[in-house]
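Written out below as structure tokens is the structure these notes cover.
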Amino acid sequence: MSLNSINKLLASDKFWKLISTTFISLYLSPLLITNGNFYVPIFDNLDSNVVWYKILAESGMIFAGNNEIIPNMLNGLPRSSYPGEFNIILWLYYFFTPIIAFVINEVAIHLVAFFSMFVFLKRYIVIKKNNSKNIFIYAGSLYFALMPYWSGAGLTIAILPLVTYSLINIKNRVDNSYDWLLLVLLPLYTSFIFFYLYYIILFGLYILYCTLKEKKLDYRLFTAILLMGIVFLLSEYRLVISMFLNDSYTSHREEFNIYFDRSLLESYRTSLVFFLDGHISHANALQGFYILPTIIIAMFLSLLKRRLTAKESILVYTLILLSFLVDIWAHVLTQLYTLPLFLLFALYLYFSRVKYRKFSLLLIFLIVLALYNGLTDCECIAILIEIFPIFKKLSLIRLSFILPFIYAILFVLSLNIISRKLHYANIFITFIILFQISISLFLSSYQSTPRSKYASFEQYYAPELFQSVTKTLNKPIENVKIISYGIEPAVALYNKFHTLDGYIVNYPLDYKYAFRDIIAPYLDNNTSLSSEQAVDIYDNWGSKVYILSTVSTLHFYKKDVKVNNPQFNTNAICKLGADYMFSSREIINPNTIQLKYINHFIGKKNSWDIYVYELDCL
């Protein structure tokens, strides 16, 4: 079979439907065929989101008033600290077990991502009909669908192409009732604070630009954005009330000091890392391996004024293959001058290649986005905190979470350029997308085998072990208050214990001060790097209210470790009303620090052992 025949075969719609179905199924298979024994990231997942939704779903207080107390975490938190009731993820946890709810949410995210991007690309990016149209659309949709989305945000990023599609429809006067319905229902399965607050602001700036340029306001588009903002604010009414209308509530976020603290050079390095890797846990487009090289190849090919011959094309493919074999891209993309050169190149293309202006404009936007990302941490603009105190509470970096969407569009535009300039492009594109899929599978958020910083529900939460703990205590769980040492509080919370500690993004500042007394012996000991890091985690951030004098994460956990000097203030623990301590480590001579040993529970090989101590408070 000739190269031309293979090239035509690879443009088949049926072929790419089969490829898409196969690899999406393979990607999701750990969730669907392992009977719940899949492994997922612990950070910002098992240690937080799963527990928040489970607590609220089981509390009987979903519709409670903002100030009513849900007693499970941090000695009781107001209802406003938890997600709102207009949230589909919450109702998944209400109607299903946590594992099933988690799986349904994840499957929905990736399926919606594929179809959302497919519709957007087909309507607004891959417009002209040619033999390679199918491969462009499927390649871009597959790439977008197999990104490692953050579970807690629901469809926030996954549905972004469809939201943009609807807004463009409205701008172009080709909208229908479904476009408006999407904007109204959007808050039910997406996050305002995580991204859409910033997206609405960004789109508002675009409307302002169009108004100044055309000297006329697009009332329909303005109405659409205004409608989005209103329905989001209504769905997040609890957050609005607690932040702006409740003078009696002061959030720990008021004392955030985690932004605007880096030098200009450090901020630039952050920009470069973001350009290459995205936001690792929340907006990772996996672009550094094959997507960025493909974009750069397209940039150079766009300079050509003619299509290369078949022989010339084969020579170019050979050079591309060699560039990957010798790993030249790692050297090219990680230099300090990478972003400035990239920006200059994109600007040159914008002014010299009108035909590819959409491509170059998105490149410029992407680079500016990366630079903006670093700038949000730069001490050079710290004055913004004084002028706009709300910036202490908000994470300006989240505007840059649009990055996966932009990279997917750029990838498709790059494939289009390559197809125009080279022969046998479908073969090249197929290999690139297959290599990218291999990266997606390897770095997937769902694994069927153990991996560092991942855990299964059973391994992390150890429900069988905690059933034994509950029987030993022989007390109603709701009457027992727990503090954890060397084990993340989410574990006890998942097993329905009430805790003094926890991980939450919004809680009263007064409690932060009270809990600090417990860990003051460690935080105020400035003789080690680890204690300095703990000060930064607690005093400057504070969302993880843990005993920080020992490692609490499962992937660093070792069994049979004994602790002689645990460095916490037992009197302060007693003052907050703790009854028991759950420790993953044996504490030597516990009676000297007002602890009474109760029992030792041995967990499975890769899970926790639990030492239970009773507080001997005076």
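The values are calculated or read from the model by the stated rules, or taken from the named source; none is laboratory data. Remember, predicted model here, so these are calculated numbers, not experimental data. With ideal geometry, Cβ positions are generated from the backbone for all residues, glycine too; neighbour counts draw on all protein chains shown.
Within the range 60-70, the set of residues being under 23 Å from Ile482 (Cα atoms) and either surrounded by 15 or more Cβ atoms within 10 Å (Cβ to Cβ) or basic (Lys, Arg) (or both) comprises Met61, Ile70. Looking only at residues of the range 406-441 that are touching a helix residue (DSSP H, G or I) at 6+ places or on another chain (Cβ under 9 Å) and among the small types (Gly, Ala, Ser), we find that the one that is surrounded by the fewest Cβ atoms within 10 Å (Cβ to Cβ) is Ser440. All conditions in (1) aliphatic (A, V, I, L, M); (2) in contact with a strand residue (DSSP E or B) (Cβ under 8 Å, 6 or more places away or on another chain); (3) closer than 23 Å to Cys378 by Cβ hold for Leu197, with the sole exception of (2).
Residues in the range 295-329 that are more than 18 Å from Phe411 (Cα to Cα) and in contact with a Phe, Trp or Tyr (Cβ under 8 Å, 6 or more places away or on another chain) were compared, and the one that is surrounded by the most Cβ atoms within 10 Å (Cβ to Cβ) is Ser313.
Would you pick out the residues in the range 465-481 that are surrounded by 14 or more Cβ atoms within 10 Å (Cβ to Cβ) and out of contact with any Asp or Glu (no Cβ under 7 Å at 6 or more places or on another chain)?
Correct list: Leu465, Phe466, Ser468, Val469, Thr470, Leu473, Ile477.
With respect to the conditions (1) in a loop (DSSP other than H, G, I, E, B); (2) in contact (Cβ under 8 Å) with a residue 12 or more places away in the chain, Lys558 lacks only one, and its number is (2).
Could you go through the range 410-420 and let me know if any residue there is free of Cβ contacts under 8 Å to residues at least 60 places away in the same chain, in contact with a Ser or Thr (Cβ under 9 Å, 6 or more places away or on another chain) and outside any strand (DSSP E or B).
no
Candidates are the residues of the range 34-65 that are farther than 23 Å from Asp501 by Cβ and in contact (Cβ under 8 Å) with a residue 40 or more places away in the chain; the one that is farthest from the chain's Cα centre (by Cα) is Thr34.
Might you check whether a residue that is over 22 Å from Asn506 (Cα atoms), in contact with a Pro (Cβ under 6 Å, 6 or more places away or on another chain) and outside any loop (DSSP other than H, G, I, E, B) occurs anywhere in the range 98-116? Scanning the range 98-116 turns up at least one residue that is over 22 Å from Asn506 (Cα atoms), in contact with a Pro (Cβ under 6 Å, 6 or more places away or on another chain) and outside any loop (DSSP other than H, G, I, E, B). Kindly provide the set of residues from the range 450-474 that are more than 15 Å from Met581 (Cα to Cα) and either part of a loop (DSSP other than H, G, I, E, B) or more than 27 Å from the chain's Cα centre (by Cα) (or both), ordered by number. Of everything in the range 450-474, those that are more than 15 Å from Met581 (Cα to Cα) and either part of a loop (DSSP other than H, G, I, E, B) or more than 27 Å from the chain's Cα centre (by Cα) (or both) turn out to be Pro450, Arg451, Ser452, Lys453, Ser456, Ala462, Glu464, Leu465, Gln467, Ser468, Lys471, Asn474.
Being of a type outside the set (A, V, I, L, M), farther than 24 Å from Thr223 by Cα and either in a loop (DSSP other than H, G, I, E, B) or in the same structural domain as Ile6 (by TED's automatic domain parsing) (or both) is a property that does not hold for Phe120.
Count of the range 32-68 residues, restricted to those that are on the phi > 0 side of the Ramachandran plot and in a helix (DSSP H, G or I), is 1. Does the range 467-488 hold any residues that are in contact with a Ser or Thr (Cβ under 6 Å, 6 or more places away or on another chain) and farther than 15 Å from Val612 by Cβ, and which are they? If the condition is that a residue be in contact with a Ser or Thr (Cβ under 6 Å, 6 or more places away or on another chain) and farther than 15 Å from Val612 by Cβ, then Glu488 is the only one that fits. For Asn66, the criteria (1) at pLDDT 95 or above; (2) more than 28 Å from Ser281 (Cα to Cα) hold in every case but one, which is (1).
Listed by first and then second residue, the pairs linking a residue in the range 202-219 that is of a type in the set (Gly, Ala, Ser) to a residue that is part of a helix (DSSP H, G or I), with Cβ atoms under 8 Å apart and 6 or more places separating them unless they lie on different chains, are Gly204/Ile225.
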